[in-house]
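Comments concern the structure below.
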């Protein structure tokens, strides 16, 4: 058949069930955008910046299980999108980047946008491939989707030269069979050893990461059978229902409250599933797992990188748990443990309420109000900074995996608003809340224009304190001053007016319920809403205090004393 590469690329997207492709058209990929306009069920979404395109694709993928798609021009389009691609790479999010390339049929040097973009993409993707012939476009894109989903998910890039998209030629139809993606089954002997170790333990515990999301329906009966408290990574938040009596905390060690530290110090066998023990999840490596650490992950390269495992099992989380539960005999009583957890949780929440703000919005009351009025399956998108740690500690989720999305291991500012838009497009009619700090909002807040134009309706709560508050808090103790972390004054209301968005302002706790209730009525009618929240961040999160302590103690004694003395002298 005689066709263009653009038509072949679009056919691959349609056959993969893609509904949205995020990006900005340019001179090189106009043919591709023209072909997408004719494709049934496929909608190209125009963004204001390609960084947001990759964040939107990320938010769609994390909340839906689909593969996010980014469609960008050569050079600047690719480099602008790299922040979101790298976020997806480090956080394990499936994504396909259609990176248009310069023409390869003219042999001219110094073409517009000519850079080695595969070299830029290679370090932050599972694979970056260049298409040589139009006949290879369809199968290569389909293989990219397969690779993005396989094993530990992640982004894959396909570079298609502009001339292959534009010029028509004879192409034989190339059949493509993806084949079943079978879960990686665990070694039977290793599962038996794991069962014995858990059975011999007096106080086992579970540590669940994003890699356990596919087994979310199995982790509750496993925890109950083992009589084990459950902690999660930040990305794993929501994998285990947080209203369950055995849910302990998101994280453990120095970054957690005292009752969590006490319970986890008793742990003599930790079963970690689908996690990598990364810096953020461990509070800057401020945890001490027990010697009897069982580590299960689909990616064997994560084993023994930061903490030695007594037993490492390469397997899909679901396949491992299915094999394990058949070998565990009986069930342990856990009601006494649950009562101890409940007492600790109650004391923490009472402390948060005792620290109520006199003149601004108390964080815990904001999150409680959101959860009172949002549906249980609401999606909460946070940004890099203090708002993420407040939300992690104060939200209690029961809607399952994908209800909490955040930039974790790459920790890129500007994530929340575009990711929430991607989630809203993937789940029309579902409550989606974005929680950017004011610094992060300045980066990508204009994407609310994209939301309005495409029928996405997130509720965006700008956590307004006039600072890059997480950095300011990290500066305060060792330096006793805040350098370059105070924002210039600006009007959120003015931005809302320019974008023609409904706007509300919350200055005190008593305003929370009526404003959030009214704002959600508008978002449920299909319009995005912008709320400015005068958040009080004067009380540090457990995470912040724990990380500061951990890093100070890690310093050589002389440097630790120097930093503390400098801060004291400046205070005087």
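The values are calculated or read from the model by the stated rules, or taken from the named source; none is laboratory data. Quick caveat, the model's predicted, so the values are computed rather than measured. Methodologically, a virtual Cβ is constructed for each residue, glycine included, from the backbone with ideal geometry; neighbour enumeration extends over all protein chains shown.
Tabulated data
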quantity: Of all residues making up the range 554-572, the number that are farther than 27 Å from residue 257 by Cβ, assigned to a loop (DSSP other than H, G, I, E, B) and either assigned by TED's automatic domain parsing to the domain that holds residue 518 or at pLDDT below 85 (or both); calculated: 1
quantity: Qualifying residue in the range 372-380 (condition: in contact with a helix residue (DSSP H, G or I) (Cβ under 8 Å, 6 or more places away or on another chain) and under 30 Å from residue 125 (Cβ atoms)); calculated: yes
quantity: Residue ID - nearest to residue 74 (Cα to Cα), chosen from residues in the range 16-33 that are outside any loop (DSSP other than H, G, I, E, B) and either touching a helix residue (DSSP H, G or I) at 6+ places or on another chain (Cβ under 7 Å) or not assigned by TED's automatic domain parsing to the domain that holds residue 71 (or both); calculated: 23
quantity: Per-region count, the range 263-284, residues in contact with a helix residue (DSSP H, G or I) (Cβ under 9 Å, 6 or more places away or on another chain), outside any loop (DSSP other than H, G, I, E, B) and without any contact (Cβ under 8 Å) to a residue 60 or more places away in the chain; calculated: 1
quantity: Per-region count, the range 28-56, residues more than 13 Å from the chain's Cα centre (by Cα), under 15 Å from residue 82 (Cβ atoms) and surrounded by 23 or more Cβ atoms within 10 Å (Cβ to Cβ); calculated: 5
quantity: Residue count for the range 208-246, restricted to those that are in contact (Cβ under 8 Å) with a residue 12 or more places away in the chain and either assigned to a helix (DSSP H, G or I) or surrounded by fewer than 23 Cβ atoms within 10 Å (Cβ to Cβ) (or both); calculated: 23
quantity: Residues of the range 345-389 satisfying the condition of being out of contact with any strand residue (DSSP E or B) (no Cβ under 8 Å at 6 or more places or on another chain), part of a helix (DSSP H, G or I) and either assigned by TED's automatic domain parsing to the domain that holds residue 258 or farther than 19 Å from residue 514 by Cβ (or both); calculated: 345, 346, 347, 348, 349, 350, 351, 352, 353, 354, 389
quantity: Residue within the range 44-62 that is free of Cβ contacts under 8 Å to residues at least 60 places away in the same chain, touching a helix residue (DSSP H, G or I) at 6+ places or on another chain (Cβ under 6 Å) and more than 27 Å from residue 178 (Cα to Cα) present; calculated: yes
quantity: Test result for residue 551, in contact with a helix residue (DSSP H, G or I) (Cβ under 8 Å, 6 or more places away or on another chain) and either buried (at least 16 other Cβ atoms within 10 Å of the Cβ) or at pLDDT below 90 (or both); calculated: no
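To keep it simple, each residue is scored yes or no on (1) surrounded by fewer than 18 Cβ atoms within 10 Å (Cβ to Cβ); (2) touching a strand residue (DSSP E or B) at 6+ places or on another chain (Cβ under 6 Å).
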{"site": "415", "(1), (2)": "no, no"}
{"site": "426", "(1), (2)": "no, no"}
{"site": "438", "(1), (2)": "no, yes"}
{"site": "442", "(1), (2)": "no, no"}
{"site": "447", "(1), (2)": "no, no"}
{"site": "467", "(1), (2)": "no, yes"}
{"site": "473", "(1), (2)": "no, no"}
{"site": "479", "(1), (2)": "yes, no"}
